[in-house]
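Below you'll find the structure, written out as structure tokens, and then a few comments.
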């Protein structure tokens with residue numbers, strides 16, 4: 001009995017320049033899990049025939065389904081095909097259909113057909129060809145003992161398309177619907193994992209629904225999972241239970257971002273916004289403009305590092321800067337109030353603080369951050385002390401600002 | 001003879017919530033490579049005794065050195081220790097010294113000592129204890145056949161410290177200095193990998209220096225590697241050769257960022273800067289303020305989405321907006337010129353464009369971006385057409401702006 005159901009193998013020229021192997025395996029993990037399949041093992045090895053051979057040898061005994069990516073293209077000298085042929089004890093042959101595909105691709109893309117391209121068609125005997133709609137290099141699959149193995153290129157778009165067109169249909173055939181894992185993810189702000197665990201009533205989740213946690217600072221991600229009959233109904237129940245106690249902290253669900261949702265809420269509520277950022281340096285603004293559509297609500301954002309900029313753009317009175325300093329509640333209030341007056345937006349939000357590592361004082365240590373929000377209800381301000389390094393203080397400040405905006409927009413939509 | 005020298009094994013509650021396993025293995029890869037050791041294989045499996053057992057069984061035959069992280073803490077029920085004991089055919093025993101460490105830690109941190117904590121001291125017989133200065137859970141090491149295995153916790157800080165204190169000294173003992181891999185990384189902007197390959201004179205690199213490439217869009221990373229005697233001297237030579245042809249495009253080296261270096265150049269040149277961002281939405285500003293010290297050169301940055309903001313903050317004449325539109329060379333020039341006048345900085349840089357996916361026209365398709373730089377030498381502006389999705393157009397625009405600033409500062413420092 002295999003230990004792993006579904007395993008992923010990625011090969012790369014060099015694990016040292018390592019982001020690539022991680023991002024390739026992330027493409028596979030993401031696509032599989034979205035369709036309810038659960039990879040149990042992910043292995044990355046260097047582009048080396050001996051190492052790929054050892055990996056395939058191992059995985060073909062341990063897994064029922066192996067998805068391999070990399071080592072196939074014209075530059076690779078049929079590395080993965082050689083290793084696969086050796087691991088499965090098959091001869092390596094020129095696959096005529098593959099050769100024809102490569103020729104056609106070269107012809108259609110005005111590339112010369114050279115010996116390196118021909119080697120792309122060198123495959124283990126009995127390999128079944130997999131069409132690559134976006135590139136020269138076809139994939140292939142092999143069936144060995146109890147294990148089905150897919151070999152795909154490493155380029156993200158080619159890989160994704162071939163997973164969808166060639167691998168998923170086979171998974172659907174091999175794994176009955178009731179084995180597929182359904183899941184929900186809730187992204188929560190303002191509660192620690194420990195706190196969330198105590199808030200979820202033990203033993204009250206529907207049978208067969210499991211729960212686990214991960215982190216995307218400062219968000220805590222709660223994952224609910226179920227399979228079998230009526231998995232979705234049981235997840236609906238579980239989600240409803242969780243939202244009763246945690247709903248107030250829900251910033252986004254799977255596939256959504258906190259900033260994207262806040263942007264949509266502002267747009268729905270018909271609220272316009274301007275921002276004044278100091279210690280966050282434009283982070284909040286860049287988050288809100290990552291998705292298209294920000295022009296529907298965002299009027300402007302000022303990163304006012306210099307005091308002069310606070311005076312010019314936000315009309316902060318010099319007296320406040322002299323008397324209280326730029327990191328102070330009066331300054332945050334003046335920034336938000338002045339900006340709202342200047343820009344004429346419904347909301348103006350200001351952030352000023354000390355992100356560190358320098359600039360802290362006994363009165364205002366690193367992590368001291370003031371937020372202020374000006375609206376037709378006046379100016380609301382608050383002081384925070386955030387823990388962590390510069391990047392954490394900046395991120396926490398931006399998320400706290402998003403949380404203020406989310407709550408304001410929800411209130412307006414409810415009124 | 002083992003296939004892999006050094007292998008990494010990470011275990012996690014769930015590969016689905018997958019960033020964690022990637023980031024844990026990245027901690028190990030990063031630390032090892034910085035010290036010249038080259039991990040050849042990285043395996044991630046679910047927190048499941050059977051799967052960890054299969055992985056250890058495999059790796060102990062294939063590698064000389066295995067670094068495992070995860071499955072050790074009080075919540076894990078000695079998962080990894082159980083799997084290791086089984087894989088190596090050893091009994092599991094309460095390790096008295098480990099028990100004492102856990103007791104002391106609980107005492108010092110005012111935590112109660114409960115049975116779950118006691119299980120942390122359940123280790124395979126013959127395991128050597130590894131001190132964990134930052135947490136409750138000690139690590140351990142085992143020697144089996146030709147393979148040395150280290151078992152460490154998954155928390156990043158604990159893992160990093162224990163790698164430094166317990167694993168590196170052993171690596172230094174096992175691997176002679178001449179086997180250690182020395183490397184240099186050059187981060188280049190404005191050239192494709194294909195172009196760089198043609199520019200590097202074939203066969204002219206010093207013997208034993210290998211070269212490979214990776215990508216961090218829009219930068220291309222060139223990695224030079226060598227080991228053995230005089231590796232550093234040979235890398236110096238190779239680097240000098242590359243810089244002769246590519247030096248003009250060097251934005252950063254290993255451990256540096258393009259934006260960090262540009263900030264330092266501006267500071268060295270004594271230049272002050274203000275920014276006006278439209279389609280990049282604050283991305284450039286947030287990059288430049290990620291590192292501390294930005295207040296030495298950055299006066300302000302305005303994300304001027306609305307036309308009114310361009311008029312108020314940047315003094316763009318309404319006539320230009322009406323006649324040419326916000327995405328135009330005249331507007332970019334007016335943004336930079338107006339901002340420089342308003343802020344009194346040496347430099348004012350403006351970005352305006354269409355990041356997409358909407359807003360393109362036949363004349364100005366998605367990806368059209370204007371950059372303008374105002375200085376005492378007047379206003380210089382240029383139109384670009386960048387390829388890719390919204391995120392790529394935004395990133396490419398920000399990097400092109402960094403490139404302008406880099407060249408300006410270098411010129412001033414050379415004058």
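The values are calculated or read from the model by the stated rules, or taken from the named source; none is laboratory data. Computed from a predicted model, the values in this text were never measured in an experiment. No Cβ is skipped: glycine too gets one built from the backbone with ideal geometry, and neighbour counts run over all protein chains shown.
Scanning the range A:327-343 for residues that are within 14 Å of another protein chain (Cβ to nearest Cβ) and under 35 Å from the mean Cα position of the chain (by Cα), we see that the one that is surrounded by the most Cβ atoms within 10 Å (Cβ to Cβ) is A:335. The selection criterion, being within 14 Å of another protein chain (Cβ to nearest Cβ), crowded, with 24+ Cβ neighbours inside 10 Å and not in a strand (DSSP E or B), does not hold for residue A:42.
Taken as a whole, the structure leaves residue B:152 outside the set of residues that are modelled with pLDDT of 90 or more, in contact with a strand residue (DSSP E or B) (Cβ under 6 Å, 6 or more places away or on another chain) and within 12 Å of another protein chain (Cβ to nearest Cβ).
When the test is whether a residue is modelled with pLDDT of 95 or more, within 30 Å of residue A:256 (Cα to Cα), in contact with a helix residue (DSSP H, G or I) (Cβ under 7 Å, 6 or more places away or on another chain) and surrounded by fewer than 24 Cβ atoms within 10 Å (Cβ to Cβ), residue A:271 passes it.
Scan the range A:297-348 for residues that are part of a strand (DSSP E or B) and closer than 16 Å to residue A:374 by Cα and jot them down. Those that are part of a strand (DSSP E or B) and closer than 16 Å to residue A:374 by Cα: A:298, A:299, A:300, A:301, A:302, A:347, A:348. Residues in the range B:259-296 that are part of a helix (DSSP H, G or I) and over 19 Å from residue B:396 (Cα atoms): B:264, B:265, B:266, B:267, B:268, B:269, B:294, B:295, B:296. For the range B:190-212, check the following and say yes or no: at least one residue is within 14 Å of chain A (Cβ to nearest Cβ), in contact (Cβ under 8 Å) with a residue 60 or more places away in the chain and farther than 17 Å from residue B:39 by Cα. Checked against the condition, which is being within 14 Å of chain A (Cβ to nearest Cβ), in contact (Cβ under 8 Å) with a residue 60 or more places away in the chain and farther than 17 Å from residue B:39 by Cα, the range B:190-212 yields no hits at all. The single condition among (1) in contact (Cβ under 8 Å) with a residue 12 or more places away in the chain; (2) farther than 30 Å from residue B:289 by Cβ; (3) more than 14 Å from chain B (Cβ to nearest Cβ) that residue A:236 does not meet is (1).
When residues in the range B:93-110 are screened for being in a loop (DSSP other than H, G, I, E, B) and without any contact (Cβ under 8 Å) to a residue 24 or more places away in the chain, 1 of them pass. Scanning the range B:201-227 for residues that are farther than 23 Å from residue B:393 by Cβ and out of contact with any strand residue (DSSP E or B) (no Cβ under 7 Å at 6 or more places or on another chain) returns B:201, B:202, B:203, B:204, B:206, B:207.
Any idea which residue in the range B:45-84 is farthest from the chain's Cα centre (by Cα), counting only those that are within 21 Å of residue A:48 (Cα to Cα) and facing chain A (nearest Cβ under 10 Å)? Result: B:61.
One residue alone among A:144, A:95, A:134, A:109 is in contact with a strand residue (DSSP E or B) (Cβ under 7 Å, 6 or more places away or on another chain) and in the same structural domain as residue A:48 (by TED's automatic domain parsing), and that residue is A:95.
Taken as a whole, the range A:295-315 holds at least one residue that is facing chain B (nearest Cβ under 7 Å), in contact (Cβ under 8 Å) with a residue 40 or more places away in the chain and under 35 Å from the mean Cα position of the chain (by Cα).
Those strands (runs of 3 or more DSSP E) of the range B:137-241 in which at least 1 residues are over 21 Å from the mean Cα position of the chain (by Cα) and crowded, with 19+ Cβ neighbours inside 10 Å, considering only elements entirely within it, cover B:139-144, B:147-152, B:219-227.
Being away from every other protein chain (no Cβ under 12 Å), modelled with pLDDT of 90 or more and over 27 Å from residue B:228 (Cα atoms) is not true of residue B:10. Taking (1) surrounded by 17 or more Cβ atoms within 10 Å (Cβ to Cβ); (2) on the phi < 0 side of the Ramachandran plot; (3) in contact (Cβ under 8 Å) with a residue 24 or more places away in the chain in turn, residue A:356 satisfies each apart from (2).
Among the residues examined, residue A:115 qualifies as out of contact with any helix residue (DSSP H, G or I) (no Cβ under 9 Å at 6 or more places or on another chain) and either surrounded by 22 or more Cβ atoms within 10 Å (Cβ to Cβ) or within 20 Å of residue A:95 (Cα to Cα) (or both).
Consider the range B:278-294 and keep the residues that are touching a strand residue (DSSP E or B) at 6+ places or on another chain (Cβ under 7 Å) and more than 8 Å from chain A (Cβ to nearest Cβ). The one that is nearest to residue A:276 (Cα to Cα) is B:278. From the list A:157, A:101, A:149, the one residue that fits, being within 21 Å of residue A:29 (Cβ to Cβ) and out of contact with any helix residue (DSSP H, G or I) (no Cβ under 9 Å at 6 or more places or on another chain), is A:157.
I'm checking my understanding of the structure. Among residues of the range A:388-415 that are surrounded by fewer than 17 Cβ atoms within 10 Å (Cβ to Cβ) and within 14 Å of chain B (Cβ to nearest Cβ), which one is modelled with the lowest pLDDT? Among those that are surrounded by fewer than 17 Cβ atoms within 10 Å (Cβ to Cβ) and within 14 Å of chain B (Cβ to nearest Cβ), it is A:388. When you check residue B:104 against the structure, is it exposed (fewer than 14 other Cβ atoms within 10 Å of the Cβ) and more than 25 Å from residue B:255 (Cα to Cα), yes or no? For residue B:104, the condition - exposed (fewer than 14 other Cβ atoms within 10 Å of the Cβ) and more than 25 Å from residue B:255 (Cα to Cα) - is met.
Do we have any residue at all in the range B:349-372 that's in a helix (DSSP H, G or I), in the same structural domain as residue B:282 (by TED's automatic domain parsing) and in contact with a helix residue (DSSP H, G or I) (Cβ under 6 Å, 6 or more places away or on another chain)? So far as the range B:349-372 goes, no, none of its residues is in a helix (DSSP H, G or I), in the same structural domain as residue B:282 (by TED's automatic domain parsing) and in contact with a helix residue (DSSP H, G or I) (Cβ under 6 Å, 6 or more places away or on another chain). Of the set (1) buried (at least 18 other Cβ atoms within 10 Å of the Cβ); (2) away from chain A (no Cβ under 14 Å); (3) touching a residue at least 60 places away in the same chain (Cβ under 8 Å); (4) in a helix (DSSP H, G or I), all apply to residue B:251 but (4).
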